[in-house]
Amino acid sequence: MMIGKWLDIGPATQIEAGTARTLPVEGADEIAVFHTMRGEFYALVNKCPHKAGPLSQGIIHGDSVSCPLHNWRISLKSGEALGDDKGCTPTIPLKLDNGRLYLLREAVIPGSTGEAAASGPATRAKAA
Ligand code: FES
């Protein structure tokens, strides 16, 4: 495991299936970490590609989330809008290792080389 390359954001058990949590990042966009009912985890910038709605507050269906503002469906895998809508939210590489979640540091804070600038997940966002 490459500790320096990955940010430890805490135990996977802190995010219930079907919900998301937000991760504030100093100097960068907030990140939403999703736990699907299938037991998969995904991290995306917490902004809808339409008008920046908070995706963390949307309803998770399979591996997509419905934006709470205008109901666009966003793929949690690719960040792309589904159906007829066009746009893409940046995704953050995430890995689950020994029950803990890690985000790729470079993707959280582009150009970062120092220690973690992200604090732990803070805000419980939404129960599906
Ligand atoms: S802001 Fe997400 S659908 Fe409009």
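Please count, across the stretch 2-111, the pairs of lysine residues with Cα atoms under 15 Å apart that sit 8 or more places apart or on different chains.
Numbers: 5/95; 47/77; 47/86; 51/86; 77/95.
Lysine pair count for the stretch 2-111: 5.
Trypsin sites (Lys or Arg not before Pro) within the stretch 1-42: which are DSSP loop residues with at most 10 other Cβ atoms inside 10 Å? The partial results should precede the final answer.
Values: sites: 5, 21, 38; in loops: 38.
Listed in order of number, the matching sites are 38.
What is the distance, in nm, between label points placed 7 Å from the Cα along the Cα-to-Cβ direction at residue 30 and at residue 16?
2.0 nm
Mind checking the dipole of the stretch 2-111: about its Cα centre, +1 per Lys or Arg Cβ, -1 per Asp or Glu Cβ, Debye to the nearest 20?
So the magnitude is around 60 debye.
Computed from the coordinates by the stated procedures, all read-outs in this text should not be read as laboratory data. As the structure is a computational prediction, the values presented were derived from the model and not from experiment. Cβ coordinates were reconstructed from backbone atoms using ideal geometry, including for glycine residues, and neighbour counts include every protein chain displayed.
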